[in-house]
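To keep things clear, I will list the structure first and then write my remarks on it.
Any read-out appearing in this document is the output of simple, stated calculations on the displayed coordinates, not a laboratory observation. Since we're looking at a predicted model, the values are computed, not measured. Backbone-built Cβ (ideal geometry, glycine too); neighbour counts: all protein chains shown.
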Amino acid sequence: MALDQILVIITGLSLASWVAWYFWFSEKKAVKIQTSEGGIQEAVIKVKGGYTPDVLIFQAGKPIRLNFIREENASCTEEVVFSDLNKRATLTPFKTIPVELKIDKPGEYGFQCGMGMIKGKLIIEG
Ligand SMILES: [Cu+2]
């Protein structure tokens, strides 16, 4: 095998492991939401070209309030859709739009913009 072929393979492998590391690492950014004294699990999600945070961890069976604050006018993020939960909301720009949920079944529930271009995820722990 020629040296340049070996170099190509090494470059490819390190690129692949960087991509794997990147996705593994970004998955670690899940935010665990604490329950307030009133028994509600409340989180603020900033909407600007994406959801921040985009992975949130809650406990099953307790009320959840997601306060979406859409800091842009781009029509992409105008709607947020929870397809697994049959719920959607229109996000008025620069206003806090609460979305109330209660999920009894542990699992992962995705949410996304109306066109499905940007996504987030709720992880419900039992
Ligand atoms: Cu969109």
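Return yes or no: is Phe82 within 16 Å of the ligand (Cβ to nearest atom) and under 24 Å from Glu37 (Cβ atoms)? Spelling it out, it is not the case that Phe82 is within 16 Å of the ligand (Cβ to nearest atom) and under 24 Å from Glu37 (Cβ atoms).
Confirm whether Ile124 is buried (at least 16 other Cβ atoms within 10 Å of the Cβ) and in contact with an Asp or Glu (Cβ under 8 Å, 6 or more places away or on another chain).
Values: buried (at least 16 other Cβ atoms within 10 Å of the Cβ): yes; in contact with an Asp or Glu (Cβ under 8 Å, 6 or more places away or on another chain): yes.
For Ile124, the condition - buried (at least 16 other Cβ atoms within 10 Å of the Cβ) and in contact with an Asp or Glu (Cβ under 8 Å, 6 or more places away or on another chain) - is met.
Among the conditions (1) away from the ligand (no atom under 16 Å from the Cβ); (2) hydroxyl-bearing (Ser, Thr, Tyr); (3) under 13 Å from Lys46 (Cα atoms), Tyr109 misses just one, which is (3).
Conditions (1) among the basic types (Lys, Arg); (2) within 15 Å of the chain's Cα centre (by Cα), marked per residue:
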residue: Asn67; (1), (2): no, yes
residue: Arg70; (1), (2): yes, yes
residue: Ser75; (1), (2): no, no
residue: Asp84; (1), (2): no, yes
residue: Lys87; (1), (2): yes, no
residue: Pro93; (1), (2): no, no
residue: Ile103; (1), (2): no, no
residue: Phe111; (1), (2): no, yes
residue: Ile123; (1), (2): no, yes
